[in-house]
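The values are calculated or read from the model by the stated rules, or taken from the named source; none is laboratory data. Small disclaimer: the values here were computed from a predicted structure and weren't measured. Here the Cβ is made from the backbone with ideal geometry for all residues, glycine too, and neighbour counts use every protein chain on show. To get the accessible areas, we keep the full protein, side chains included, count just its heavy atoms, and leave off ligands, DNA and RNA. Shrake-Rupley method; radii C 1.70, N 1.55, O 1.52, S 1.80 Å.
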Amino acid sequence: MMAGKLTRVSSVSTALLASAGFYLYMKQPDLNDLSVVRFGRAAVTTAAISYDYLTAFKHVEHGTDQYFELRSKVHLRSAERLRDLCCANRGTFIKVGQHLGALDYLLPEEYTTTLKVLHSKAPESTMEEIQQVVREDLGKELSELFVAFEDKPQGAASLAQVHKAVLHDGRTVAVKVQHPKVQRQSTKDIMVMEVLVKVVHWLFPDFAFTWLVEEAKKNIPLELDFLNEGHNAEKVSKMLAHISFLKVPVIHWNLSTNRILTMEFIEGGQVNDRDYMKKHDINVNEVSEKLGKVYSEMIFVHGFVHCDPHPGNVLVQKCPSSRKSQIVLLDHGLYQVLQPKFRLDYCRLWQALIKSDMAAVERYSRRLGAGDLYPLFACVLTARSWTSVNAGITSVPVTHSEDTEIRTNAALYLPQISELLNRVPRQMLLLLKTNDLLRGIETTLETRASSSSFINMSRCCIRALARHKRSGAQSWSRWLGITLKESLNLWAITLYELLLWTRSSTLGQWLSSLLSFLL
């Protein structure tokens, strides 16, 4: 009887395997689409990285030069393995890898430098795949919708790629088309990441990056909904309509779906492209200052923040009519809505940091969830050393040695940084990512030492807090007093800015030399 059962089981198994083999032969699927392959690849990479960290330091004394040299090599090997995994699995893996690459002051340099290449390593879908998505979502062929449609994409990202096209009325548009397999794979990919991150946390208790997976779980579905992106673009365009130098592409709703977003095509160079700016006579300091104004307005005044300002999403151009530089903001899929209480405490914290009011720094850091780790929180937020935070971030210039010190400390205090990131409100995580991306742009443009960003932040904080106080004013005189104080504070900042400009100008330097000579 047992032999008969085994024979039947064997026969059924053989039939199933044969059927599966015939199906795979006929369909000839891309192995990368198979969940078992994607999971296996991720598991093997995680195991290799974990084994490397577990065994590499067995015969090396902690804290020695040999230890630090070896640690750097292990970091680099691990980062390269992680990069290769992201490139192989694509989609959501590249998106998370890009996020890690932006955490300059939270991860060792070997990781951030290696993972930064993922911004230019995104895969491209074939024209057949693009045509299929357009056919399924818009119900027509490309030739029916556009007079011209460039085969080669203007840019490819982790979740989509953008093609330049011309409408029948002659207008040039950018057509953003989602990679066809991303939506189906994203949920499974995030589950895989969640499992593996928990395994790594079990092996290395100091590794507490579960917040990253939680953020991906929440944000990836939003970024995959292109109608949501279009609505965000329109909202921020109306919200910041008073900023004349900001351009947000106009959305063509009749040619947009969850997977396709058609928008106005705007020329420009990437915000970190110094050669482009030099060629088009665009002042890098002006660009950095304008970008800071845009983000200060979003964060402190409105609490509606574009959270993916990597260089591919921020363009610069020279306005043909005014000949002034303009900022073009693209990719509006990921926004953070800050709760009023959080936003106001964040305003007060930055005011305290700018004024070097350490009692207030501690008070508002604790209110934002940092607890006893408030010194570390202040350093992470400003990307400055604790010495500079105490001395005043507006008065102590940024130096290369300080940047090196911060990177070294990021590796030494990784457990505390992980604990901090798990403590603070979820809203703070995307703000930290945004801060790091903006700092990366400033570093490339060599404008990090400029005080203009702090001046813009101060203005926005004053306006935001005054608006909040006016909303609760019980009398006309109270309202007037708040408005008058706001105006005086804004005028004081303008005078300070004028003083800084005078000092740096040729006239200011000449007067300073003359006074030195006379005295």
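Checked against (1) over 25 Å from R463 (Cα atoms); (2) of a type outside the set (D, E); (3) open to solvent by 10 Å² or more (accessible area, probe 1.4 Å); (4) touching a residue at least 60 places away in the same chain (Cβ under 8 Å), F342 passes all but condition (1). Which of the residues belonging to region 353-363 are open to solvent by less than 40 Å² (accessible area, probe 1.4 Å) and more than 16 Å from S385 (Cα to Cα)? Residue satisfying the conditions is A360 alone. Within region 35-50, the set of residues being within 22 Å of Q183 (Cα to Cα), exposed (fewer than 14 other Cβ atoms within 10 Å of the Cβ) and without any contact (Cβ under 8 Å) to a residue 12 or more places away in the chain comprises V36, G40.
Of the candidates R463, R384, R439, the single residue that is without any contact (Cβ under 8 Å) to a residue 24 or more places away in the chain and of a type in the set (D, E, K, R) is R384. Is at least one residue of region 262-278 in contact with an Asp or Glu (Cβ under 9 Å, 6 or more places away or on another chain) and either over 24 Å from I393 (Cβ atoms) or aromatic (F, W, Y) (or both)? Yes, region 262-278 contains at least one residue that is in contact with an Asp or Glu (Cβ under 9 Å, 6 or more places away or on another chain) and either over 24 Å from I393 (Cβ atoms) or aromatic (F, W, Y) (or both).
Checking T404, T408, T394, T399 one by one, the residue that is closer than 29 Å to S244 by Cβ, open to solvent by 40 Å² or more (accessible area, probe 1.4 Å) and of a type in the set (V, I, T) is T394 and no other.
Only one of the numbered conditions (1) closer than 29 Å to D403 by Cα; (2) surrounded by 19 or more Cβ atoms within 10 Å (Cβ to Cβ) is not met by R90, and that is (1). Within region 308-334, the residues that satisfy the criterion of being more than 19 Å from E264 (Cβ to Cβ), under 20 Å from the mean Cα position of the chain (by Cα) and open to solvent by 20 Å² or more (accessible area, probe 1.4 Å) are H310, P311. Restricting region 72-87 to residues that are open to solvent by less than 40 Å² (accessible area, probe 1.4 Å) and touching an Asp or Glu at 6+ places or on another chain (Cβ under 9 Å), the residue that is farthest from A156 (Cα to Cα) is V74. For region 205-221, a residue qualifies if it is open to solvent by 50 Å² or more (accessible area, probe 1.4 Å) and either in contact with a strand residue (DSSP E or B) (Cβ under 7 Å, 6 or more places away or on another chain) or of a type outside the set (D, E) (or both), and the qualifying residues are P205, F207, K217, K218, P221.
May I ask you to say which residue of V248, V305, V236, V294 is open to solvent by less than 10 Å² (accessible area, probe 1.4 Å), closer than 26 Å to T172 by Cα and in contact (Cβ under 8 Å) with a residue 40 or more places away in the chain?
V236 is the lone residue from the list that is open to solvent by less than 10 Å² (accessible area, probe 1.4 Å), closer than 26 Å to T172 by Cα and in contact (Cβ under 8 Å) with a residue 40 or more places away in the chain.
V380: open to solvent by 10 Å² or more (accessible area, probe 1.4 Å), among the aliphatic types (A, V, I, L, M) and modelled with pLDDT under 85, yes or no? The answer is no for V380. If you go through region 292-312 and pick out every residue that is modelled with pLDDT under 90 and out of contact with any Ser or Thr (no Cβ under 9 Å at 6 or more places or on another chain), you end up with 1. Is it true that K188 is in contact with a helix residue (DSSP H, G or I) (Cβ under 6 Å, 6 or more places away or on another chain), open to solvent by 50 Å² or more (accessible area, probe 1.4 Å) and either at pLDDT 85 or above or not β-branched (V, I, T) (or both)? Yes: the conditions hold for K188.
You will find that of K278, K247, the residue that is under 27 Å from P221 (Cα atoms) and among the basic types (K, R) is K247 and no other.
Filtering region 158-173 to residues that are open to solvent by 10 Å² or more (accessible area, probe 1.4 Å) and under 25 Å from the mean Cα position of the chain (by Cα) leaves L159, V162, K164. For A160, the stated conditions do not hold, so it cannot be described as modelled with pLDDT under 85 and closer than 21 Å to M127 by Cβ. Selection of region 304-341 for residues being part of a strand (DSSP E or B) and among the hydrophobic types (A, V, I, L, M, F, W, C) yields F304, V305, V314, L315, V316, I327, V328, L329, V337. When D151 is tested against (1) assigned to a strand (DSSP E or B); (2) surrounded by fewer than 16 Cβ atoms within 10 Å (Cβ to Cβ), just one condition goes unmet, and that condition is (1).
Looking at R348, R366, just one residue is surrounded by fewer than 17 Cβ atoms within 10 Å (Cβ to Cβ) and on the phi < 0 side of the Ramachandran plot, and that residue is R366. The C-beta contact set for region 320-331 (first residue more than 21 Å from M263 (Cβ to Cβ), second residue basic (K, R), distance under 7 angstrom, 6+ apart or interchain) comprises S325/K290; S325/K318.
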